[in-house]
Amino acid sequence: MKIGVLALQGAVTEHIVSIEKTGAQGLPIKRVEQLEEIKGLIIPGGESTTIGKLMRKYGFIEAIRDFAGQGKPVFGTCAGMIVLAKRIDGGEPAHLELMDITVARNAFGRQRESFECDLEVKGISEPVRAVFIRAPLIKEVGPEVDVLTVYKGEIVTARQGNLLVSSFHPELTDDYRLHQYFADMVEYSVAANQ
Ligand code: GLN
């Protein structure tokens, strides 16, 4: 089973390493044609404005909307979560507009630019190690969104059908259980489409 990592900008290699720990094959995705080879896609952290610009330039906006529209799972981490959101707080234009959430960028404040902690994630039995770097948070969710983690009153992990998002970077630790959770979503969607 091949899972792609959008490789326009950001933390690509680390996601591939985590994906391969689940037993799936990780593939950097640089061109839209490569989406045909994969069953699930990760949009990594980085800088969402830059990733959004490059996605427009290389035709990824329509291509990823199609991909997700076929029921194939997409996982956005940090900047990837911002890129998947329908709304960005403050009125900045949204990118893929796929997931019914409103995100606020750099929402943990300068004094807490980066930090690590253990988080409960609904559906995963033991707490998951999470690294936050200038992280966004989810300010509002639509009725179809399942909240998976609330940290200090803020939503930082959520799912809407085949879409999964986290404010933090699960790829920067040895803990690959959120990648395993995503790989299970991908496996389930492959089985359901056969
Ligand atoms: N602050 C970045 C943004 O707003 C996201 C940070 C990250 O992906 N680590 O795009």
Evaluation of G69 against (1) under 17 Å from the mean Cα position of the chain (by Cα); (2) in contact (Cβ under 8 Å) with a residue 40 or more places away in the chain; (3) open to solvent by 40 Å² or more (accessible area, probe 1.4 Å) (one fails), failing number:
(2)
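Filter region 72-91 for residues that are within 13 Å of the ligand (Cβ to nearest atom) and either surrounded by 19 or more Cβ atoms within 10 Å (Cβ to Cβ) or at pLDDT below 95 (or both) and give the result.
So the first thing to find is which residues in region 72-91 are within 13 Å of the ligand (Cβ to nearest atom), and the list is 76-85, 88-90.
If the condition is that a residue be within 13 Å of the ligand (Cβ to nearest atom) and either surrounded by 19 or more Cβ atoms within 10 Å (Cβ to Cβ) or at pLDDT below 95 (or both), then G76, T77, C78, A79, G80, M81, I82, V83, L84, A85, I88, G90 are the ones that fit.
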Counting only residues in region 9-41 that are open to solvent by 40 Å² or more (accessible area, probe 1.4 Å) and of a type in the set (A, V, I, L, M, F, W, C), the one nearest to the ligand (Cβ to nearest atom) is identified as V17
Considering only residues that are in a strand (DSSP E or B) and either farther than 22 Å from K86 by Cα or open to solvent by 20 Å² or more (accessible area, probe 1.4 Å) (or both), which ones fall in region 140-150?
E140, V141, D146, V147, V150
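Select from region 42-58 the residues that are of a type in the set (V, I, T) and under 19 Å from A130 (Cα atoms) and write down the one among them that is farthest from the ligand (Cβ to nearest atom).
We begin by selecting, within region 42-58, every residue of a type in the set (V, I, T); these are 42-43, 49-51.
Subsequent filtering for residues that are under 19 Å from A130 (Cα atoms) retains 42-43.
On the way: I42: 12, I43: 10 Å.
Only one residue fits best here, namely I42.
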Test each condition in (1) within 13 Å of the ligand (Cβ to nearest atom); (2) buried (at least 20 other Cβ atoms within 10 Å of the Cβ); (3) under 30 Å from Q70 (Cβ atoms) for F108 and report the one that comes out false.
(3)
In region 135-193, how many are of a type in the set (D, E, K, R) and within 23 Å of E14 (Cα to Cα)?
7
Working carefully through the options G123, G69, find the one that is at positive phi and more than 16 Å from the ligand (Cβ to nearest atom).
G123
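Suppose we filter I64, I82, I3 for residues that are part of a strand (DSSP E or B) and closer than 20 Å to Q160 by Cβ; which single one remains? Show your work before the answer.
Numbers: I64 fails: part of a strand (DSSP E or B); I82 fails: part of a strand (DSSP E or B).
Every option except I3 fails the conditions.
The values are calculated or read from the model by the stated rules, or taken from the named source; none is laboratory data. Everything numeric in this text was worked out from a predicted model, so none of it was measured. Methodologically, a virtual Cβ is constructed for each residue, glycine included, from the backbone with ideal geometry; neighbour enumeration extends over all protein chains shown. Side chains included, ligands, DNA and RNA excluded: accessible areas come from the protein's heavy atoms. Shrake-Rupley method; radii C 1.70, N 1.55, O 1.52, S 1.80 Å.
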